[in-house]
Amino acid sequence: MSNVRKVRVKVPASTANLGPGFDTLGMALSLYAWIEMGEAEQTEFHLYGDEMKDVARDKSNLIYKVAQMVFDEAGVSVPELEISMYSEIPLTRGLGSSASAIIGGMVAANALIGSPLSHERIFDMATALEKHPDNVGASLFGGIIAAAWDGSHADVIRIEPPDDLETLVVIPEFELATSKAREVLPSSVTVADAVYNVSRSSLLTGALASGRLDLIGAAMRDRLHQPYRAALVPGMEAVLAEATRHGALGIALSGAGPTLIALVDGRESRKSELEAFLTETMRKHGIEARTRWLLPCRTGALAESVDENGMQNQSFLDMIKGEVRS
């Protein structure tokens with residue numbers, strides 16, 4: 001057992017699928033959750049921010065549960081924990097809020113006991129919980145990831161995001177549970193639609209790996225999930241059809257939605273036009289939405305010891321105030 005008494009973890013949000021890469025492609029985004037975890041005599045939670053208001057404050061809390069999974073896997077016992085968390089990541093909006101909690105909790109727990117588990121083992125454990133590797137892989141490794149899950153092990157390749165790549169997310173003011181978004185998907189697809197997606201997912205992976213931003217628009221098209229989910233997000237069809245005319249390289253539903261994410265060349269001159277188009281289109285369909293420019297996050301979950309880094313006198317809230325953007 002390590003003598004580390006408390007650790008802090010910063011973990012990025014993520015977007016999944018990127019259009020055609022259903023349950024396969026993910027990208028970390030510059031939107032974050034922070035978790036502090038330490039041993040305690042009695043388990044207690046300190047949850048801060050609007051995104052935390054409905055999160056459990058007992059041992060049914062997801063972060064507590066995944067921490068215990070790590071301790072069990074490592075063969076140690078730390079039954080009582082003090083957990084603090086602040087998150088910028090909106091819940092059930094398609095930006096990987098549950099994946100960031102799972103990864104943040106697992107990485108914190110692992111660091112607390114001296115990091116006996118490899119990132120690869122944590123990735124497998126997290127994927128088994130989420131049932132798909134895209135969000136958890138992006139939050140763990142950072143950058144862009146392509147991954148395959150066989151039910152017990154996930155293989156992953158990390159891609160460094162192109163230098164000029166930026167994203168614009170439009171976040172509708174309603175929640176959409178992943179389970180509901182999956183219920184609308186068909187149980188089978190045609191060979192033509194399967195080939196359509198395989199070809200575009202392959203092209204998108206190659207385009208991102210080689211920095212070919214000019215190919216992203218053609219590569220982000222999808223027939224496996226977005227056409228079926230469009231009815232759940234008013235305005236989505238119009239946005240997907242027309243965003244590239246207003247400065248987007250390509251656009252997709254972020255994960256299960258309802259957030260939409262546009263990939264944009266940082267040198268693009270029509271950023272304001274694109275932002276206005278997205279919000280106005282959603283408003284025409286009766287949906288209020290906010291936009292946010294985010295960069296790909298090149299680092300995954302990062303843990304540091306409070307004890308070893310001279311942070312004993314800096315409270316969790318003081319740290320958050322220093323990190324969170326105004």
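Amide H contacts of residue 159: 144, 145, 146, each under 5 Å away and 5 or more positions distant or on a separate chain (H built 1.01 Å from N in the peptide plane; Pro and chain starts excluded). Exposure check, 1.4 Å probe, all protein chains in place: residue 169 carries approximately 0 Å² of accessible surface. Heavy-atom surface analysis with a 1.4 Å probe gives the chain a carbon and sulfur content of 48 percent of its accessible area.
Taking the centroid of alpha carbons for each part, region 183-216 and region 227-290 are 19 Å apart. One entry in [x] 30, 50, 19, 1; [y] 33, 56, 11, 0; [z] 32, 60, 8 is P(r) over Cα pairs in 20 Å bins from 0, in percent calculated from the shown coordinates; its label is [y]. Rg and Dmax of region 1-103, based on Cα coordinates, read 14.8, 48 Å. Within the assembled protein chains, the solvent-accessible surface assigned to residue 76 is about 40 Å², based on a 1.4 Å probe. Pull up the DSSP beta bridges for region 31-186 and report the antiparallel fraction as a percent, rounded to 5. Within region 31-186, antiparallel bridges account for around 70 percent of the total. Rounded to the nearest 20, the size of the Cβ-charge dipole of region 87-150 about its Cα centre is 120 debye, with Lys and Arg at +1 and Asp and Glu at -1. Annotation: per residue accessible area for the chain equals 43 Å², rounded to a whole number [probe 1.4 Å, protein chains only]. The heavy atoms of residue 244 offer some 70 square angstrom of accessible surface to a 1.4 angstrom probe.
Dividing the alpha-carbon radius of gyration of region 16-62 by the rule-of-thumb value 2.2 N^0.38 Å gives 1.66.
For the chain, adding -39500 (n - 2.57) for each run of n ≥ 4 DSSP H residues and dividing by the number of residues yields -10000 deg cm²/dmol at 222 nm. Taking every C-alpha pair closer than 8 Å and separated by at least 6 residues, the mean separation divided by the residue count of the chain gives a relative contact order of 25 percent.
Each Lys and Arg adds +1 at its Cβ and each Asp and Glu adds -1 at its Cβ; summed about the Cα centre, region 148-286 shows a dipole of about 320 debye. About its Cα centre, the chain has a charge dipole of approximately 740 debye under the convention of +1 per Lys or Arg Cβ and -1 per Asp or Glu Cβ, with nothing else charged. Taking the Cβ of residue 112 as the center, what net charge do the other residues with Cβ under 10 Å away carry, scoring Lys and Arg +1 and Asp and Glu -1? Summing Lys and Arg as +1 and Asp and Glu as -1 gives +1.
Computed on the Cα trace of region 76-142, the radius of gyration divided by the Kirkwood hydrodynamic radius gives Rg/Rh = 0.97. In this model, which of 6/321; 53/321; 10/321; 65/321 are farther than 23 Å apart at the alpha-carbon? 65/321, as the Cα separations exceed 23 Å there.
The values are calculated or read from the model by the stated rules, or taken from the named source; none is laboratory data. Bear in mind that the values here come from a model prediction, so they are computed numbers and not experimental data. Neighbour counts are summed over all protein chains in view; Cβ atoms, including those assigned to glycine, are modelled from backbone coordinates with ideal geometry. Just the protein is used for accessible areas: all its heavy atoms, side chains included, with ligands, DNA and RNA removed. Shrake-Rupley method; radii C 1.70, N 1.55, O 1.52, S 1.80 Å.
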